[in-house]
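The values are calculated or read from the model by the stated rules, or taken from the named source; none is laboratory data. Quantities reported herein were computed from a predicted structural model and do not represent experimental measurements. Here the Cβ is made from the backbone with ideal geometry for all residues, glycine too, and neighbour counts use every protein chain on show.
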Amino acid sequence: MFGTEYMPCPTIAPKHTGKVPTECLDFDPSNPRLVEDGIKNPTDSQIILALADTADLSEVVESIAANGYIDIEPVIAQRVKDRWRVLEGNRRLAAIRLLKNPSLSKGTGISVPEISPENLKTLNGVTVFRSAHQQGFVVVAKKHYVIAVSDAPVETARCALLVETQSARHLGIDRAVVFRGIPAEDAVSSRGR
């Protein structure tokens, strides 16, 4: 867990979103994408190192430092006891952790930039979508593509729809384009045709 002080974490009804303090969010230590070396009970530092090695984490850190956390796509999380385990949104959580505690960057090769007090305030809470199932849905975001993939229950399809809609709104394109995974630059250039 991040920090040693107890912080009451808000509850969110399944299939709903709500604002959650970032101190209430934990990485999923059993997620094989985060720690491929089979480390049991990895620390936040080990998970951040794994993300730095495989997931262009420095790019997210730099973007959030420069612009603040832009809360347009909810983090997908599962309630575990009185905290939230992040299923989707781990790069964002890692970037927030690094910006709030730059000493976590030791050994990652990531240079944590200065962050203004105004942008630092944006790291205090994020929108979370509560998943009742650990499998949830997968959103694959590549540099030029946004693809939503759903292979789980109805709540997952609803969450994917929410992400598709918010992603489309942010990109200024039709939601169906986001779902089909058409290159974003093609979708934007084809608007109004």
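Looking only at residues of segment 8-64 that are over 22 Å from residue 114 (Cβ atoms), among the acidic types (Asp, Glu) and within 14 Å of the chain's Cα centre (by Cα), we find that the one that is modelled with the lowest pLDDT is 28. Taking the numbered list (1) within 17 Å of residue 107 (Cβ to Cβ); (2) free of Cβ contacts under 8 Å to residues at least 12 places away in the same chain in turn, residue 45 passes all entries but (2).
Quickly run through segment 122-143 and pick out the residues that are closer than 20 Å to residue 59 by Cα, modelled with pLDDT of 95 or more and outside any loop (DSSP other than H, G, I, E, B). The one that is closer than 20 Å to residue 59 by Cα, modelled with pLDDT of 95 or more and outside any loop (DSSP other than H, G, I, E, B): 126.
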